Amino acid sequence: MDNQTMTPSKPLGSLLLVEDDEVFASVLSRALTRREFAVDHASSLDQARMIIESQRFDNAIVDLNLSGESSLELIPALRKLNPEASILMLTGYASIATAVEAIKLGADNYLAKPADVSEILSALGVTRETSTELADSGHRPNSIQEPMSVRRLEWEHIQKVLKENHGNISETARQLKMHRRTLQRKLQKKPVSG
């Protein structure tokens, strides 16, 4: 048995996870705890506000949509308590407007769901023992993932609206205020990365 397994090392820091999907929050909390974060979890805006008032965090992962409510207001509160905190906004509904707003309010990064633990750690800028793991998975160690490009956000948004319309291109084009042929051209292109 190696030394790291026998003697616990210093935690990577405190982390607030604000996520209303209990299954995702549980899986992510366990993964982050294994990577030596001290994780606190809030599943609602009220619960997150109470935790933020009582504790300072080194890192935060905040889901944008909490049971229909925007969690953008939490970013300035987290930033005020710790100007050096690493704050990541996660969302299942990527849009250019919310990405820009989150960054303006003080988020360091913005990631669309689904995102795996490696992507989340990279977006938080995690180093130490996870840097080896990230390197093994093809990620550059000690790097912060860039926020999604405008083209990628547009692609994600089109896909979301298209799914909501059950693949109906005409209705999707109407809702996006886009000509049907323009939408079809955009859909024929490969999804942009990053």
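Data table
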item	result
Listed pairs Lys104/Lys177; Lys163/Lys186; Lys113/Lys163; Lys113/Lys160 exceeding 18 Å between Cα atoms	Lys104/Lys177
Segments 84-91, 163-170 sorted - mean Cβ within 10 Å per residue, highest first	84-91, 163-170
Extended-chain gain in nm, criterion 0.36 nm per residue less alpha-carbon gap, Ser54 and Val27	7.2 nm
Along each principal axis, Cα extent of the stretch 12-127, largest first, Å	34, 29, 26
Accessible area of the stretch 5-85 belonging to carbon and sulfur atoms, whole % at 1.4 Å probe	54
FRET efficiency, 1/(1 + (r/R0)^6) with R0 22 Å, evaluated for Val100 and Lys177 via beta carbons	0.70
Sequence-distant residues sharing a close amide H with Ala42 (under 5 Å, placed H)	Leu17, Val18, Glu19
Distance in nm between pseudo-label sites at Ala77 and Asp116 (7 Å out along the Cβ direction from Cα)	3.3
Stretch gain in nm, segment His166-Glu84, where the contour uses 0.36 nm per residue and the Cα spacing is subtracted	25.2 nm
Packing rank of 62-69, 116-123, where each peptide gets the mean count of other beta carbons within 10 Å, highest leading	116-123, 62-69
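The values are calculated or read from the model by the stated rules, or taken from the named source; none is laboratory data. What you are looking at is a predicted structure, and each value in this text was computed from that prediction instead of being measured. Glycine gets a Cβ as well: all are built from the backbone with ideal geometry, and neighbour counts include every protein chain shown. Surface areas here come from the heavy atoms of the whole protein model, side chains and all, with no ligands, DNA or RNA. Shrake-Rupley method; radii C 1.70, N 1.55, O 1.52, S 1.80 Å.
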